1. Report the net charge of residues surrounding residue 93, where surrounding means a beta-carbon distance below 9 angstrom and charges are Lys +1, Arg +1, Asp -1, Glu -1.
2. Label residue 126 and residue 43 with points 7 Å out from Cα along Cα→Cβ: what is the distance between them in nm?
3. Sorted by packing (mean other beta-carbon atoms within 10 Å per residue), highest first, where do 122-129, 110-117 land?
4. So if I take the centroid of the Cα atoms in region 43-107 and the same for region 120-152, what is the distance between those two points in Å?
5. Using the basic label-point model (7 angstrom from Cα toward the beta carbon), what is the residue 119 to residue 36 distance in nanometres?
6. What helices does the chain have that are whole DSSP H segments, at least 27 Å long along their own axis by Cα, and with mean Kyte-Doolittle hydropathy of 0.0 or more?
7. Taking the structure as given and computing Rg/Rh (Cα atoms, Kirkwood Rh), which label from (1) 1.25; (2) 1.09; (3) 1.07 fits?
8. How large is the dipole of the chain about the Cα centre if only Lys and Arg carry +1 and Asp and Glu carry -1, each at its Cβ, rounded to the nearest 20 debye?
Amino acid sequence: MKEDHSLQAQLLQQFRQSLKSVFHHYATFKGRAPRSEFWWFELFEVIVFFIASLVDDLVLDFVYRKFGFQYKGSIGILTLILFAGLLLPGLAVFWRRLHDTGRSGWYCLMVLIPLSLSTVLSSFSTTGSIMFGILGLIAMVVLLLFCCLDSQSEDNRYGPFPE
């Protein structure tokens, strides 16, 4: 039982340390980020966006019942504000994570280009939009697999091994 508590305390400490590191390097795209830092931050984002969407739904439901207004948007204001605030540190830690595996952060364009083309083509061609959307999803899976790989144990061109 005591070992369980020790493991929980250790995991909570890793979570806090990872978040502290990500927010300390809020917009830093140089250097490296260890695998744990990246995945703890991803867990944090999932939890934050889940709670924000619940709060947004409760507020919108209250406003609808109380005042009869109907919200036609697909995203709540709190979720949108949090997305704007977490976009830069999320992108930066993703960029540094790619550096940690020995890859350039510019690999992010593997996702941005097809998804942007999919969005543009959605007005003109359903087939083209779907094709580029699928290419974007495949690129996203490849990038997530890169983030699952081990860190390069030695110094690389992006910096020293993160401690």
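1. Once positives and negatives cancel, what remains is 0.
2. 4.2
3. So the order, starting with the most tightly packed, is 110-117, 122-129.
4. Comparing the Cα centres of region 43-107 and region 120-152, I get a distance of 20 Å.
5. Rounded to a tenth, the inter-label distance reads 3.6 nm.
6. The qualifying helices are 35-67, 77-100, 126-148.
7. (3)
8. That gives the chain a dipole magnitude of about 380 debye.
The values are calculated or read from the model by the stated rules, or taken from the named source; none is laboratory data. Quick caveat, the model's predicted, so the values are computed rather than measured. When we count neighbours, we look across all protein chains shown, and the Cβ atoms used for this are built from the backbone with ideal geometry, even at glycine. Remember, those area values only see protein heavy atoms, side chains included, never the ligands or the DNA or RNA. Shrake-Rupley method; radii C 1.70, N 1.55, O 1.52, S 1.80 Å.
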